[in-house]
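To start, the structure under review is shown below, and the notes come after it.
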Amino acid sequence: MRIGLLRCDEVGGDRAERFGGYLDLYSDLLGMVEPAVELTGYDVVAGQLPTEPGEQDGWLISGARTAAYDEEPWLTGLLDLVARLYEARAPMVGICFGHQVIAQALGGEVKMAEDGWGIGIHRAEVVGNHSWMIPKRQQFDITYSHSDQVTALPEGATLVAYTNHCPIAAFTVDDHILGIQGHPEFSPDFAADIYRGRSELYRAEVFEDAMRTLNQSTDSTDVAAWILSFLKTADRLAA
């Protein structure tokens, strides 16, 4: 399967040397499930956007330090692209900022979370039954790193999962768009490195609690399988 990674940021500092960039992180994540998956990166911030919705079999929108409601010129282009991909029924998955920008582009609402930063490994509760969720799960644990979150779904969207700190942790729009607030591509070691580097942003108790959660395992491999299953199902329906 050919997936276009709409890269909206890059791993900063020497972290990229130690863990790899976003293309590496997502390739490693999806490669755990399907080693032959082909990811092509598009530097969205530099204005590199696809010319046709069908240029790839599916699209993956990365995280970013930018807010979905900012007024960056490149963000306007991305919001327009999301709307075009939606109209074309192109398979699309958004992660963290990508999840938020999909909601923003399609008429939902994104705001700063009232409880502040959501970091650490959190358990999401699944709402409903979804054919692309193979293996089936009623809960899943992945890492989080966000100060904004989706507060209102776009019209026609369906809630897929929630956590205690994030009422809209995942959603779908029709059968070809999926948003996930958490970071399945973040290993606990990578997340710990980010949290330490940004510790001044967090309340002390939030930081300490988050670091303690990183001793547990995540369900990132299952979430990676869901992403691929969702994109493949949507691709078949669009064909």
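The values are calculated or read from the model by the stated rules, or taken from the named source; none is laboratory data. The structure displayed is predicted, hence computed values, not measured ones. Glycine gets a Cβ as well: all are built from the backbone with ideal geometry, and neighbour counts include every protein chain shown.
Values for this structure:
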{"item": "Gly58 touching a His at 6+ places or on another chain (Cβ under 6 Å), in contact (Cβ under 8 Å) with a residue 24 or more places away in the chain and on the phi < 0 side of the Ramachandran plot", "result": "no"}
{"item": "Counted residues, the stretch 92-140 - those being surrounded by fewer than 20 Cβ atoms within 10 Å (Cβ to Cβ) and either farther than 15 Å from Phe171 by Cβ or among the polar types (S, T, N, Q) (or both)", "result": "15"}
{"item": "Residue within the stretch 89-97 that is farther than 21 Å from Pro184 by Cα and at pLDDT 95 or above present", "result": "yes"}
{"item": "Whichever residue in the stretch 13-38 is in contact with a Gly (Cβ under 8 Å, 6 or more places away or on another chain) and of a type outside the set (Lys, Arg) and, among such residues, is farthest from Arg236 (Cα to Cα)", "result": "Gly13"}
{"item": "Residue that is surrounded by the fewest Cβ atoms within 10 Å (Cβ to Cβ) [pool: residues in the stretch 197-229 that are under 25 Å from Phe171 (Cα atoms) and out of contact with any Asp or Glu (no Cβ under 9 Å at 6 or more places or on another chain)]", "result": "Thr221"}
{"item": "Residue list for the stretch 151-196, restricted to those being in contact with a Pro (Cβ under 7 Å, 6 or more places away or on another chain) and either under 13 Å from Ala103 (Cβ atoms) or crowded, with 24+ Cβ neighbours inside 10 Å (or both)", "result": "Val173"}
{"item": "Residues of the stretch 3-49 that turn out to be part of a helix (DSSP H, G or I), surrounded by fewer than 21 Cβ atoms within 10 Å (Cβ to Cβ) and of a type in the set (A, V, I, L, M), as a count", "result": "2"}
{"item": "Residue in the stretch 59-74 that is within 14 Å of Ala234 (Cβ to Cβ), surrounded by 19 or more Cβ atoms within 10 Å (Cβ to Cβ) and of a type outside the set (S, T, N, Q) present", "result": "yes"}
